[in-house]
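The values are calculated or read from the model by the stated rules, or taken from the named source; none is laboratory data. Every value quoted in this text rests on a predicted model; they were computed, and no experiment measured them. Cβ placement follows ideal geometry from the backbone for every residue including glycine, while neighbour counts extend to all protein chains displayed.
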Amino acid sequence: MPVALPIQKIVKRDGNVAAYDRERITTAIFKAAASLGGQDRARAARLAADVEQALVASYGVGALPTVEEIQDVVEAVLIKHGHVRTARAYIIYRHERAQARALRTQQPLEATDNIPYKKIYEVLRWNMDHGCETIAGVNHIIAEHRFTDLIHDSNQRYDDEIAGGAQLVLQRMPAVRIVIIAGPSSSGKTTTTIKLSEHLRRAGLELVALTVDNYFFDLELHPRDEFGDYDYETPQALDLKLINEHLVRLLAGETVRAPHYDFKTGQRTLNVHALRLAPHQLLLIDSLHGLYDDMTRAIPAEKKFRFYIETLGQLRNAGGDFMRWADNRLLRRMLRDAWHRSLQPLDTLAHWHYVRRSELRHIIPFIGNVDYVVNSALPYELPILKARLFKFFPEAMTTFRDNAKRQDAFIRAKRVAEFLEPLTAIADDSAVPRNALLREFVGGSEYKY
């Protein structure tokens with residue numbers, strides 16, 4: 001029988017999913033080496049195998065990496081094995097291909113992580129209409145003292161998207177009984193949920209939360225990552241069978257008693273929180289894994305409305321490279337972890353690999369099933385985030401450069417530092433309203449998190 005590949009699918013730049021083919025990595029490495037006179041394809045094949053191993057180490061078996069993430073790892077592997085000149089040739093080749101794509105499309109556009117291409121285009125057009133699609137454009141807005149206007153317009157766009165989603169929920173009533181708010185880490189699910197609740201409340205509906213965190217198994221039963229850390233990011237850490245049993249009973253009008261999970265002790269107590277749905281109430285599932293099929297498998301699709309939240313920023317630098325959505329969210333989480341979980345920013349960066357790995361395995365493949373996509377990226381947030389976090393990235397690059405198990409952290413730190421370096425930093429966040437999504441991460445919100 002054929003051996004199953006550790007990686008079977010990838011996400012292309014247009015957001016579509018395609019078959020993984022290691023031979024394409026071999027060919028790319030061989031072409032870079034050949035441009036310098038190299039003729040050893042077998043060596044290129046061995047390096048491609050090393051790239052595959054590095055991808056599995058970072059993102060896990062069965063992950064769905066993007067083309068850009070694969071290319072990042074190719075560069076790192078070439079440098080690690082001493083092929084510095086080949087790595088430089090590969091980087092040049094990669095940049096030239098990016099420039100050629102931009103010329104073919106005329107409008108630079110980056111679609112990743114299985115998001116519908118039309119949605120990305122809408123985001124890019126909004127940024128272009130407001131002059132904030134490039135770092136140079138954002139810097140110009142700041143220099144002209146129009147940053148407050150950008151804050152207002154960005155927040156209004158986000159609020160309008162949530163209002164549009166609320167209207168779609170109302171159009172599907174009374175069939176809908178469960179509202180799912182899903183999205184990767186630090187995408188803004190909590191604020192989006194609060195604002196959606198405000199809209200639905202005005203229509204006479206109430207969201208009642210099922211606290212999915214209470215369904216974690218006892219800590220000793222959790223899967224561990226390759227560093228021995230307990231992995232809270234995987235859905236297998238949750239009692240999915242019990243979640244489905246309770247969902248079925250709640251929609252049947254019964255009262256259930258949900259468990260309670262104590263994060264300090266890592267222990268779960270069963271039959272604690274009584275929960276029942278009234279006719280005017282919708283059950284809310286706000287979870288990193290809300291799109292994961294097994295989370296709500298027992299509930300028919302027509303009874304669920306699925307929101308997906310992501311930082312769909314379309315901001316590019318002078319070289320035409322776009323800010324990665326995951327990097328935007330990393331910055332948010334580095335801040336939030338520091339004031340909410342007492343974690344140092346470098347700790348968040350070091351563990352981001354398994355956050356991203358879980359997204360690629362348990363979120364990205366299911367985005368095609370969502371009912372509504374909300375863009376939570378705010379074009380004004382990066383200058384504010386830079387002022388608070390930029391100082392940590394040189395230290396991160398030094399700390400993780402030679403650590404074989406932390407190469408994902410090194411690659412990401414280097415990429416973020418290089419991208420943010422020309423951006424004007426804004427230390428004063430006083431113009432950001434207290435009900436803005438960004439307050440979820442920088443503090444000072446009127447909402448309770």
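Looking only at the stretch 353-394, how many residues end up being more than 16 Å from L335 (Cβ to Cβ) and either in contact with a Gly (Cβ under 9 Å, 6 or more places away or on another chain) or not basic (K, R) (or both)? Give the steps one after another, and end with the answer.
The first filter runs over the stretch 353-394 and keeps only residues more than 16 Å from L335 (Cβ to Cβ), leaving 353-354, 356-375, 379, 394.
Right, trim to either in contact with a Gly (Cβ under 9 Å, 6 or more places away or on another chain) or not basic (K, R) (or both) and you get 353-354, 357-375, 379, 394.
Number satisfying all stated conditions: 23.
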* Asked: Any chance the stretch 398-405 includes a residue that's farther than 21 Å from Q314 by Cβ, buried (at least 19 other Cβ atoms within 10 Å of the Cβ) and modelled with pLDDT under 95?
  -> yes
* Would you be able to tell me the number of residues in the stretch 339-357 that are part of a loop (DSSP other than H, G, I, E, B) and either modelled with pLDDT of 85 or more or in contact with a helix residue (DSSP H, G or I) (Cβ under 7 Å, 6 or more places away or on another chain) (or both)? => 2
* Structure fact -> Taking the stretch 103-122 and keeping residues surrounded by 14 or more Cβ atoms within 10 Å (Cβ to Cβ) and either modelled with pLDDT under 70 or aliphatic (A, V, I, L, M) (or both) leaves P108, L109, E110, A111, T112, I115, I120
* Structure fact -> Of the candidates A425, A436, A417, A431, the one satisfying the condition of being in a helix (DSSP H, G or I), modelled with pLDDT of 95 or more and farther than 16 Å from R329 by Cβ is A417
* Asked: Among the numbered criteria (1) modelled with pLDDT under 90; (2) of a type outside the set (F, W, Y); (3) out of contact with any Ser or Thr (no Cβ under 6 Å at 6 or more places or on another chain); (4) outside the structural domain of A34 (by TED's automatic domain parsing), which single criterion is violated by I79?
  -> (4)
* Identify all residues within the stretch 236-291 that are in contact (Cβ under 8 Å) with a residue 60 or more places away in the chain and either in a strand (DSSP E or B) or more than 20 Å from L207 (Cβ to Cβ) (or both); write none if there are none. => H273, L275, Q281, L282, L283, L284, I285, D286, S287
* Can you tell me which residues in the stretch 300-338 are part of a loop (DSSP other than H, G, I, E, B) and in contact (Cβ under 8 Å) with a residue 60 or more places away in the chain? -> T311, L312, G313, Q314, L315, N317, A318, G319, G320, D321, M323, R324
* Asked: Out of (1) over 30 Å from N369 (Cα atoms); (2) of a type in the set (A, V, I, L, M); (3) at pLDDT below 85, the odd one out for V61 is which?
  -> (1)
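Only one of T269, T255, T265 is at pLDDT below 95 and of a type outside the set (F, W, Y); which?
Within the list T269, T255, T265, the selection yields T265.
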